[in-house]
C-alpha cells in the first residue's frame, strides 16, 4: 500500500474559552480607571488582522496617577508587610495563574501570534514558575545576602517587550514584589492583553491596591514612566536603541537601572557534535517564537568539514516545520507579531539578497491573511554583511563556516552584542574551553533556549546589564547599604 | 556475493558513526508526540499502521494449530470494516514456516521467519546458517536474524559484520531484517554504531528487538536507527527498511512512530515495503480505534478476537 501524502488535519485550539472585554481601562490603585487621555488604541490579532479589543492609551497624567498609587501602596502597605506575607500573595498569584493557564495560553497566542504549543508548554508554565520561585525567596532575602544590609528600593517602573508578554511580566513583577517594591508596568502596545488579565488575577488574589499597576500605551507612555521623578528603579527589556535612550534619561538621577536588550547570538557546531541533535538545536535556536527572541541563535557557525552535511540536514528539516495559524496545535512557526515587524524582517531578507548572500526558504504556503514569514536560511554570508551584524528579530538565520577554534571565538565575539551562545560538541573539554572565551551572558552546551527561574539571564556589551532570574535577579530590586 | 570489509574500512564505519545526544533525542521525540493527529489523517494513519504489521507469535509453546489460527486472523482482520488493508506478514519460528506458508496460501501475506538461534543468538555460526537455510527451504519470504550482542559489546565488530554478511548471502534476494536487541546495547551511541555496521554488511531492514527483552522498541532507539537510515540514503541513494518490534501496543504510539518516520525519513518510507511493526496486540487496538473513528463509539474489547 503506498501513500503519496499523509498530511495532518487542522487542529485548532478553541478561542471561545477566553473572556475578552471589548474595552480595557488602565489598572491603577487596584481599580480599572478610564484614561485621563480619553484615548484608546486597537489590539489586533496578527494571525488574521482582526480587531480584538480597545485598549486605554495612558498619557503623562495617567502615569503620574499610577506612580502615585504605587508610592502610596509602598509607603502605607507593602513595605510594612513581612517577607512571609508578601510570599503568600505571590504564591496565591502563581496558583491562580496555573489554574488559568489554558486561558492565558490562548490569550497570549491570540494577541501575539505565537504558536499555541509554545504559549501552552513554555511561556505560561515558565511564567507561573517564576512566581513560585520568587515567592519562595520573599522571606529568605537576608539569607540570600548574608551579612549585608538590604532594603527594598520603592517604586519600580517596568517596561516589557511583545515577544514573551506574560513571561517578561513575570520576570519583572515577581522579583520586584518579593523584594518589597511596588510596581508600575507598561506592556508593549501590541501585546497588552495578558498583562490586563494578570491585573484581574491580582484583584482575585486580594493583592493590596496599588502594589501592581498596569499602564498601557505606546512609547510615549513608556517615556513618561521612565522620566517620572518619583520612581526608584527602571527595568527595561527591549531594543538596544530604546535602551540607550532610557540610559540617557536616567543620567543624573538616583534611579537604579537594568537593561536587557538585543542580541545576535552565535550557535557553534563543532565537527564532533551529535549532528542530528545539533541540527534540531539550530531549529529551536532560531525559529522558536518566529525568531522574536532576544537570545535567538541567529548566527550559525559550522566547522567546515561538516558544513555541507549540516546545511543539507537543515534544509530537509525545514520541510516538516509547519508555518500557519498560531492556534493550530501542530503549528511550529506562527504569525509575526505585527505588520511593522514583518516589514522589518522582509527588508532584511531583501537586504541579504542584495548583499549577495544565497537565500533558502522551504516550499510552503502561508495563510492569505495575517503576518507570516517563511523560515529563511542565508549562506555565503560575509562577516561584515548587515544581516550578519544587525538583530533581525525574525526567522532568519545566517550560516557561516570556520576552521579552527581560535577563528570561531573571534568571529562569535565580533559583535556589539553578547547575550547568548550555543556550543555543540561531544567533547566536554571543548565545551568548557569555549564557554570561557565566548563573551555572552549565557552559553548553552548541546542545547539552546533553555530557561529556568533559578538561572540568571542577562547580557554583555550592548546586550545590556544586570541579571534577571535566580538569586542574582533579587539584587536588581534591593538597595545595599553597606 | 558475500559482502566483505577490510579492518580499515570497518574502523572507518565505526569511527564515522555520529554520536547521539540522549537529551536532544528525547526533546525531538517530545515535539513529535506533541503533534495532534486527528480526523482523516488519523484514519489514514490507522490504515497504514495495520498494513505494516508483522503479526507475530514466537513462543516455546507455539503449535501448528496456534500458527494456523494466527494465519486465519491475519487474513480476516480487515473484514471488520470496509477499505482496510491486510497485515504485511506473519512472523514465526523456522519450524512453523511450512505451516504458515500453507495456511496463508495465495493471500499475499508474507511469511517472515526468525533465525540464527533467535532470540539469544547464542549458537555456533554453522548452526545459525542451518537455521536460516531451514527457514528458506520451507519457503520463508523474509528472514529476521539476531546479531551476536555479546560479540558486539566486546568490540568484535568484524565477527558481527561477517555473520550478517554471511546470512545475507544465504538469503540472496530474500529480504533480511537484522535484529539488534537494543535493550541489551546500553546506549544510543551503540545503537547508532550497530545500525551503520548492519547496513554496510547488507541488512535490508534493521529491527530493534526480539520482544523478549525490555525495553524494546522505544522512540529514542527508533529515532536513532532512522537517523542511520537517513544518512545512508543521503550518501548512497539506497533505501533501508525499519522495523520496531515489541512494546508498541497502542494506536496512538504507532501513529507517533509513523509521524516520526514521515518527518525523519520522508513519505517514501510510509509503506509496508519499508516500514513494519513487529507486534501482536497492536492490530486489535488499531481496529478498535478505526471503528471508533468511523462510528464515534468505542466497542468492547470482547468484540475483537484475541487470536
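What the table below lists for this structure:
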| read-out | value |
| --- | --- |
| Virtual spin-label span in nm between residue B:153 and residue A:471, 7 Å along Cα→Cβ | 4.3 nm |
| Folded to 0 to 90 degrees: helix A:307-318 orientation relative to chain A principal axis, Cα | 60 degrees |
| Centre separation in Å (Cα based) which lies between region B:233-293 and region B:36-115 | 14 Å |
| Inter-part distance where region A:10-74 and region A:108-133 are each reduced to a Cα centre, Å | 19 Å |
| Debye equation applied to the C-alpha atoms of region A:234-375, log10 I(q)/I(0) at 0.12, 0.13, 0.18 Å⁻¹ | -0.63, -0.72, -1.15 |
| For region B:1-139, Kirkwood radius (reciprocal of mean inverse C-alpha pair distance, Å) | 18.6 Å |
| CD proxy at 222 nm, helix term only [per DSSP H run n ≥ 4: -39500 (n - 2.57); per residue of chain A; nearest 500] | -11000 deg cm²/dmol |
| Rule-of-thumb Rg ratio for region A:262-328 [Cα; 2.2 N^0.38 Å; N residues] | 1.16 |
| Residue order, fewest to most surrounding Cβ atoms within 10 angstrom, among A:244, A:340, B:128, A:54 | A:340, A:244, A:54, B:128 |
| Tilt relative to chain A, helix A:124-137 - C-alpha long axis, 0 to 90 degrees, to 10 | 50 degrees |
| Rel. contact order, % - alpha carbon contacts under 8 angstrom, at least six apart, region A:264-407 | 29 percent |
| Relative contact order (percent, whole number), chain B, Cα cutoff 8 Å, 6+ residue spacing | 20 percent |
| Label-reachable residues, region B:159-186, where backbone N falls under 20 Å from a point 7 Å from residue B:95's Cα toward its Cβ | none |
| Cβ-based exposure ranking for B:260, A:405, in which fewest neighbours within 10 Å come first | A:405, B:260 |
| Equivalent ellipsoid semi-axes, region A:266-453, via Cα gyration tensor eigenvalues times 5, rooted, Å | 26, 17, 16 |
| Cα shape, region A:112-268, gyration tensor, a/c 1.5 rule | rounded |
| Between region B:118-193 and region A:163-181, the alpha-carbon center distance in angstrom | 59 Å |
| Percentage, to the nearest whole number, of Cα pairs in region B:54-207 over 29 Å apart | 21 percent |
| Pairwise FRET efficiency - residue A:121 versus residue B:62, Cβ, R0 = 56 Å, nearest 0.05 | 0.80 |
| Diffusion constant of region A:1-83 at 10 °C, which comes from Stokes-Einstein with the Kirkwood Cα-pair radius and 1.306 mPa s, µm²/s | 94 µm²/s |
| Tensor-based shape of region A:87-162 (alpha-carbon gyration tensor, a/c under 1.5 rounded, otherwise prolate or oblate) | prolate |
| Relative compactness, region B:146-192, computed as alpha-carbon Rg over 2.2 N^0.38 Å | 1.20 |
| Estimated [θ] at 222 nm from DSSP helical runs (n ≥ 4, -39500 (n - 2.57)) normalised by residues in chain B, nearest 500 | -15000 deg cm²/dmol |
| Computed label-point distance, nm, for sites residue A:72 and residue B:40 using a 7 Å Cα→Cβ extension | 6.2 nm |
| Cα convex hull of region A:175-287 - mean projected area over all directions, nm² | 10.4 nm² |
| Enclosed volume per residue, in Å³, of the convex hull spanned by Cα atoms of region B:182-307 | 115 Å³ |
| Convex hull (Cα only) mean projected area of region A:352-463, reported in nm² to one decimal | 9.4 nm² |
| Tensor-based shape of region B:233-307 (alpha-carbon gyration tensor, a/c under 1.5 rounded, otherwise prolate or oblate) | prolate |
| Cβ-Cβ FRET estimate between residue A:244 and residue A:382, R0 fixed at 25 Å, reported to 0.05 | 0.40 |
| Debye log10 I(q)/I(0) at q = 0.13, 0.22, 0.25 Å⁻¹ for region B:113-183, Cα point scatterers | -0.31, -0.89, -1.14 |
| Cα gyration tensor of region A:320-380 - equivalent ellipsoid semi-axes, whole Å, descending | 22, 14, 8 |
| DSSP-defined beta bridges in chain A - what % are antiparallel, rounded to 5 | 35 percent |
| Cα-based helix-to-principal-axis angle, A:165-178 vs chain A, degrees rounded to 10 | 40 degrees |
| Nitroxide proxy distance, nm - points 7 Å out along Cα→Cβ at residue B:305 and residue B:22 | 4.5 nm |
| Where the Cα pairs of chain A fall when distances are cut into 20 Å bins, in % | 24, 55, 20, 1 |
| Taking A:448, A:74 and counting other C-beta atoms within 10 Å, the order from fewest to most | A:74, A:448 |
| Principal semi-axes in Å for chain B [√(5λ), Cα gyration tensor, largest first] | 30, 25, 15 |
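Just so you know, all these numbers are worked out from the coordinates, no wet-lab data involved. Predicted model only: the values in this text are computed from it and were never measured. So basically every Cβ, Gly included, is an ideal-geometry build from the backbone, and we count neighbours across all protein chains shown.
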